[in-house]
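The values are calculated or read from the model by the stated rules, or taken from the named source; none is laboratory data. Owing to the predicted nature of the structure, the values given are computational and were not obtained by experimental measurement. Counting neighbours? That spans all protein chains shown, and the Cβs are built from the backbone with ideal geometry, glycine included. Side chains included, ligands, DNA and RNA excluded: accessible areas come from the protein's heavy atoms. Shrake-Rupley method; radii C 1.70, N 1.55, O 1.52, S 1.80 Å.
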Amino acid sequence: MTAAGHILIVDDDAPFIRIYREIFERDGLLVTAAHTPAEAASALGSAGSEFDVVLLDQRLQGPGGSDTGLDLIEQVGRLAPFAKTIVVTGYATPSAIERALALGAYDYLVKNGAFEALLRAKVRNAIEVTSARRQIALQEAGVIGTLRATWTQVRTERDRNRKGKLLEELVKLLFQATPGFGRVTTRLDNGIEEIDIKIDNRSDDPTWKDEGPYLLGECKNWSSPCGANEVRSFRAKFTTKYNRVRTGFLFAPGGFTREVHEDIRSNKAGTILIIPVDADDLERWIAADDRLAVLRELHERAVFDLQR
């Protein structure tokens with residue numbers, strides 16, 4: 001399973017495939033391309049369960065061709081059980097849209113002036129849906145194996161953008177596997193700033209129930225330690241939330257510099273609590289039978305400035 005989002009693009013237009021790659025690889029997503037129905041069928045047959053989204057061109061034989069792309073929708077449903085199909089076209093007609101949705105397409109997108117913004121939003125929403133479906137499957141198949149597989153990817157991935165996205169996905173899975181936490185949103189962008197992770201706090205645990213409705217997470221999947229500038233930048237994001245958010249996790253598998261801990265100590269009189277989480281902490285959280293207990297320990301360590 002590909003944890004950070006895997007997209008299958010089915011389009012006979014090579015320049016458009018290049019555009020797709022630039023957009024999604026910049027967001028840390030994995031892209032597989034197919035130029036023909038036969039290539040698409042082969043990709044679905046060999047790796048269907050890995051795909052989260054299938055971007056399907058309505059016409060795979062050029063502008064004058066028939067709606068051959070729509071013929072693949074049912075095949076996607078059979079071979080890619082988690083994937084959501086988004087039909088993309090420059091030739092939308094009411095009948096084609098109606099047929100696509102009737103066949104099981106998740107959404108429909110017309111190539112127009114706002115194409116990239118709409119595309120990214122629709123794909124992001126589709127991945128949220130498939131992520132939730134995968135989480136249900138995880139509960140049945142065993143959470144620990146998937147968490148460990150994702151953790152291995154976090155540590156071994158070399159692409160900078162994908163490293164960050166994988167760490168975000170790991171943290172999302174961990175919170176979803178910890179009782180008391182609701183929806184977890186990654187890369188929340190309000191046009192002014194981007195929040196790596198927003199966690200809906202629905203816990204009735206004494207440690208967490210008074211920490212506010214939302215928790216924030218910041219991910220720094222670097223080989224070198226995270227520094228004090230990143231802590232200060234993260235803290236600044238709390239000052240624009242109407243005092244409704246005051247607790248956050250700073251995730252850094254590469255560890256933290258001494259200046260990070262000094263900066264956190266120097267702000268103990270404030271209302272913002274930043275909880276540093278390194279590789280050892282992530283290992284304990286992944287392996288724990290009681291994941292909520294690990295979060296309590298991390299909270300206590302941060303509040304009382306305890307040494308591990």
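Could you identify the single residue in 88, 154, 123, 171 that is touching a Pro at 6+ places or on another chain (Cβ under 7 Å) and open to solvent by less than 50 Å² (accessible area, probe 1.4 Å)?
154
Give region 34-47 a look and list any residue that's of a type outside the set (Val, Ile, Thr) and surrounded by fewer than 19 Cβ atoms within 10 Å (Cβ to Cβ), or say none.
Answer for region 34-47, where residues must be of a type outside the set (Val, Ile, Thr) and surrounded by fewer than 19 Cβ atoms within 10 Å (Cβ to Cβ): 35, 37, 38, 39, 41, 42, 45, 46, 47.
Being over 17 Å from the mean Cα position of the chain (by Cα) and of a type in the set (Ser, Thr, Tyr) is the filter; apply it to region 105-132 and report the residue that is nearest to residue 57 (Cα to Cα).
The residue in question is 108.
Return a yes/no flag: does region 298-308 have any residue that is among the aromatic types (Phe, Trp, Tyr) and more than 29 Å from the chain's Cα centre (by Cα).
Looking through region 298-308, at least one residue is among the aromatic types (Phe, Trp, Tyr) and more than 29 Å from the chain's Cα centre (by Cα).
Could you list all residues from region 230-253 that are of a type outside the set (Gly, Ala, Ser), over 14 Å from residue 192 (Cα atoms) and either open to solvent by 10 Å² or more (accessible area, probe 1.4 Å) or part of a loop (DSSP other than H, G, I, E, B) (or both)?
Scanning region 230-253 gives 230, 232, 235, 242, 243, 244, 245, 246, 253.
So which pairs qualify, if the first residue must be in region 51-73 and more than 20 Å from residue 19 (Cβ to Cβ) and modelled with pLDDT under 85, the second must be polar (S, T, N, Q) and open to solvent by less than 10 Å² (accessible area, probe 1.4 Å), the Cβ gap must be under 6 Å, and the two must be at least 6 apart or on different chains?
Between residues of region 51-73 that are more than 20 Å from residue 19 (Cβ to Cβ) and modelled with pLDDT under 85 and residues that are polar (S, T, N, Q) and open to solvent by less than 10 Å² (accessible area, probe 1.4 Å), the close pairs are 67/58.
What residue, among those in region 254-308 that are open to solvent by 50 Å² or more (accessible area, probe 1.4 Å) and hydroxyl-bearing (Ser, Thr, Tyr), is nearest to residue 211 (Cα to Cα)?
Among them, the one singled out is 271.
State all residues of region 109-127 that are under 18 Å from residue 52 (Cβ atoms) and either among the aromatic types (Phe, Trp, Tyr) or not in a helix (DSSP H, G or I) (or both); if no residue qualifies, say none.
109 - this is the single residue of region 109-127 that is under 18 Å from residue 52 (Cβ atoms) and either among the aromatic types (Phe, Trp, Tyr) or not in a helix (DSSP H, G or I) (or both).
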